[in-house]
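Novice: I am attaching a structure below and will ask some questions about it afterwards.
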Amino acid sequence: MKENKKLMKGNEAIAEAAIRGGCRCYFGYPITPQSEIPEYMSARMPEVGGTFLQAESEIAAINMVYGAGGAGARAMTSSSSPGISLKQEGISYIACAEIPCLIVNMVRSGPGLGGIQPSQCDYFQACKGGGHGDYKLLVYGPSSVQEAVDIAYEAFEKAIEYRTPVMILGDGMLGQIMEPVALPEMKDPATFARLPWATDGTKTGKERRIINSLYITPDPLEAINHKLFKKYELMAERETRCEEYRCDDAEILLTAYGTVARIAKSAVDMLREKGVKVGLIRPITLFPFPSKVYEKHAERNEVKKFISVELSMGQMVEDVRLSVNGKKPVGFYGRCGGNVMTSEDIVEAVLQGEVK
Amino acid sequence: MAVFKKKPEMLTDVPFHYCPGCTHGIAHRLVAEVIDELNIKDHLVGIAPVGCAVFAYDYFNCDMQEAAHGRAPAVATGIKRSDPNNIVFAYQGDGDLASIGMAEIVHAAARSENITVIFINNAIYGMTGGQMAPTTMLGQKASTCQKGRTVAANGYPIHVSEMLSQLQGPAYIERCALTDVPHINKAKAAIKHAFRNQIDGKGFSLVELISTCPSNWKMSPLESIEYAKNEMMKIYPLGVYKDIDKEAE
Amino acid sequence: MEEKIVVAGFGGQGVLSLGQFVAYAAMYEGMEVSWLPSYGPEMRGGTSNCSVVVSDRPIGSPIIATPDTLIAMNKPSLDKFVSKVKKGGLIIVNSSLIKDKVERDDVKVLYINANEIALEAGNAKTANIVVLGAFIKMTGILKAEDVKNTIEKIFANKPKVIPMNKVAFDLGYNFVK
């Protein structure tokens, strides 16, 4: 009996993992399909002496995260696509002011108000900046509740190490699914090191700290731009994560992230049973993108093509193409609008060569 | 040489960038003096707005955060909630607070967030060059209502203190003016009351300060003082709009 | 071993919790499980369904294209999923609400008047547990005892309802000859 495991909904498990990772400030606004996160937080935060606040808007929520994170607290917010769009202003400021925080996007189909069913249509927004200005987030695309828990638990360590916002890019499926999870130990916020840059209200005069994203003269701002991108290079070097599944002898390489990667993984097994040499590259970090894995396979003679499988009109496929760099064809198979392909759909598409 | 009055500790040595005759400098000084007198600098975080006071983080000699346009009350909420021991103040102008940031200020007030807000009302956008503000008065000229604000084109100005005082949340709302010594002294007392409320955990306090903008009003400093006295104070009457202490009496 | 189950019915028939019972019981027995609900407007009184995968190895797709078992608690659910069930699979039909017969001869079908049996157990709301019992007997994926232990765990803070649900489970289990 695996008594140590709990059956938990993705949304609730992420919330609990963030708390166990030291999060004591949650600011959010209801939107399907992530409302279980604020609901869970509203009940749980008081139990651990933390703050839950249902903000007046997503805009206010992200700015509360700015304030609390800037004051040194482990702060988070969560939303779904239209709400994340509203948060982009704040995320841009947070990225520039280098405030660590956790943002969860349980993506729903768009554009506009769109639908509420699973989608991966916010990949560009998450990985290419999202708001105004030159910046990136550390973006994870977990494919199971356990993986989401492990990422949420360590998210603040990464956020603080790099002084960067961390985003978990999920979807309604990840938020709603229940799976067994082993929850990590509760970290004790009393043991956390004070953050020397944080405006925790304790310093005046020469030692005082300023959280800011305004640089009115070009040279200091250019220096900030370079500083941020140096950080992103370091993240690429040290934080890039990717799973390769049955890739070693594969001739066709599927690639997918998040919940879609699970569907693709099953498709790989089904195709292998039919004797088709297929593998799956599953980026776990979406930024930094695991380009080197694609480069490596693109160099292999027996690889015939890559196929990006996504719940979008084709977004991650652009990063795949950049990584493969013309060495092999890169195709795309996607569903959108909230429709989710089955493993059987992928098998059929691969067998019939429908993928362009 | 005898020292009559020193610069408050809570102000840095950075010279203000404000225009001649602008009352931001007075407002900054009053806030700084009050913080010195209340001796709250050990647990203090300020929030600068977007607008002319955007560089307030250069002047207030404490931990400061610069907020996105209008979001100071949300940022203040985050700071305060993360550590309620901190005294948190937001300094905002009329465009910041009453236009783009209306939702944030209303909800911070409704939640009775235990923060102090200094609201500078000079009835115009300063930093961006004299555009119409939500508090621009009917007939008043601005670069986006060049013949004067009309009801037909622009609707009515917003009376922030009156409006917020209708909410159950706020502990204290007062409108003062920075036009002359008696008014300035009164403003300082109001600011002090607003900070003391926070120290005592009484909840949301806001002091609106009728201020000048000679550059964008296209007036001399003296003319602008007269304009604030004769025109603004007529539309924006001074006084205590809400005080839970008085209600309790 | 991998068993893919779709449970479908009206909101309020306990179809989501029926699926959860299977998932919990399988998890307690050390199996891999996933439980994926339909969500959104379906939650508001229309039909709802969940997909449960129980496996002895890590679960790939939690989405079920061809269920091994369909539990249809009402007519629209049967209509929606009947053609998707795997050849040789199982369809459990709540015959209290579905008068039609399944027009397929390549699947096993169990007709069970779950609502009436639930009344025997003492509460109409236990119809889902009746069906759970029948499902366990038909598939044998879990031991009856283990599922009843799960019922106890899940209702730990509502101990009053435990005996009734156990009775409902047994009635469903023994309904299958």
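The values are calculated or read from the model by the stated rules, or taken from the named source; none is laboratory data. Predicted model only: the values in this text are computed from it and were never measured. Glycine also receives a Cβ, built like all others from the backbone with ideal geometry; neighbour counts cover every protein chain displayed. These area figures cover heavy atoms from the full protein model, side chains too; ligands, DNA and RNA do not enter into them. Shrake-Rupley method; radii C 1.70, N 1.55, O 1.52, S 1.80 Å.
Novice: Residues that are surrounded by fewer than 22 Cβ atoms within 10 Å (Cβ to Cβ) and in contact (Cβ under 8 Å) with a residue 24 or more places away in the chain: which strands (runs of 3 or more DSSP E) entirely in the stretch A:224-292 hold 3 or more of them?
Specialist: A:242-245
Novice: Something else about it: From (1) surrounded by fewer than 20 Cβ atoms within 10 Å (Cβ to Cβ); (2) under 16 Å from B:Ala109 (Cβ atoms), pick out the condition that doesn't hold for B:Gln198.
Specialist: Status for B:Gln198: all satisfied but (1).
Novice: Identify all residues within the stretch B:34-88 that are facing another protein chain (nearest Cβ under 9 Å), more than 22 Å from B:Asn197 (Cβ to Cβ) and outside any helix (DSSP H, G or I); write none if there are none.
Specialist: Once the filter is applied, which keeps residues that are facing another protein chain (nearest Cβ under 9 Å), more than 22 Å from B:Asn197 (Cβ to Cβ) and outside any helix (DSSP H, G or I), the stretch B:34-88 yields B:Val50, B:Asn61, B:Glu66, B:Ala68, B:His69, B:Gly70, B:Arg71.
Rundown of residues vs (1) closer than 20 Å to A:Leu174 by Cα; (2) charged (D, E, K, R); (3) out of contact with any Ser or Thr (no Cβ under 9 Å at 6 or more places or on another chain), yes/no style:
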{"position": "A:Gly50", "(1), (2), (3)": "no, no, yes"}
{"position": "A:Ile91", "(1), (2), (3)": "no, no, yes"}
{"position": "A:Ala95", "(1), (2), (3)": "no, no, no"}
{"position": "A:Leu102", "(1), (2), (3)": "yes, no, no"}
{"position": "A:Phe124", "(1), (2), (3)": "yes, no, no"}
{"position": "A:His132", "(1), (2), (3)": "no, no, no"}
{"position": "A:Tyr135", "(1), (2), (3)": "no, no, no"}
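Novice: Now a separate question. Among the residues of the stretch B:215-243, which ones are assigned to a helix (DSSP H, G or I) and over 16 Å from B:Asp94 (Cβ atoms)?
Specialist: Of everything in the stretch B:215-243, those that are assigned to a helix (DSSP H, G or I) and over 16 Å from B:Asp94 (Cβ atoms) turn out to be B:Pro221, B:Leu222, B:Glu223, B:Ile225, B:Glu226, B:Lys229, B:Asn230, B:Lys234.
Novice: State yes or no: is B:Ala110 surrounded by fewer than 24 Cβ atoms within 10 Å (Cβ to Cβ), touching a residue at least 24 places away in the same chain (Cβ under 8 Å) and either farther than 18 Å from A:Glu56 by Cβ or facing chain A (nearest Cβ under 9 Å) (or both)?
Specialist: yes
Novice: For the condition part of a loop (DSSP other than H, G, I, E, B) and of a type outside the set (Val, Ile, Thr), what is the one hit in A:Pro180, A:Pro196, A:Pro220?
Specialist: Exactly one of A:Pro180, A:Pro196, A:Pro220 is part of a loop (DSSP other than H, G, I, E, B) and of a type outside the set (Val, Ile, Thr), namely A:Pro196.
Novice: So, one more: Quick one: is C:Lys153 surrounded by fewer than 20 Cβ atoms within 10 Å (Cβ to Cβ), assigned to a helix (DSSP H, G or I) and in contact with a Phe, Trp or Tyr (Cβ under 8 Å, 6 or more places away or on another chain)?
Specialist: Yes; evaluated as a whole, the condition is true for this residue.
Novice: Is it true that B:Glu162 is of a type in the set (Asp, Glu), assigned to a helix (DSSP H, G or I) and open to solvent by 50 Å² or more (accessible area, probe 1.4 Å)?
Specialist: no
Novice: Criterion first (among the aliphatic types (A, V, I, L, M), open to solvent by 10 Å² or more (accessible area, probe 1.4 Å) and either touching a helix residue (DSSP H, G or I) at 6+ places or on another chain (Cβ under 7 Å) or more than 10 Å from chain B (Cβ to nearest Cβ) (or both)) does A:Ala73 satisfy it?
Specialist: Answer is yes for this residue.
Novice: For residues that are touching a Ser or Thr at 6+ places or on another chain (Cβ under 8 Å), more than 17 Å from C:Ile59 (Cβ to Cβ) and β-branched (Val, Ile, Thr), scanning just the stretch A:239-283, find the one that is farthest from the other protein chains (Cβ to nearest Cβ).
Specialist: A:Thr240
Novice: Which of the residues that make up the stretch B:138-158 are part of a loop (DSSP other than H, G, I, E, B) and surrounded by 19 or more Cβ atoms within 10 Å (Cβ to Cβ)?
Specialist: B:Gln140, B:Pro157
Novice: Restricting attention to the stretch A:1-36, and to residues there that are in a helix (DSSP H, G or I) and more than 14 Å from chain C (Cβ to nearest Cβ), which single residue is nearest to A:Val145 (Cα to Cα)?
Specialist: Among those that are in a helix (DSSP H, G or I) and more than 14 Å from chain C (Cβ to nearest Cβ), it is A:Ile14.
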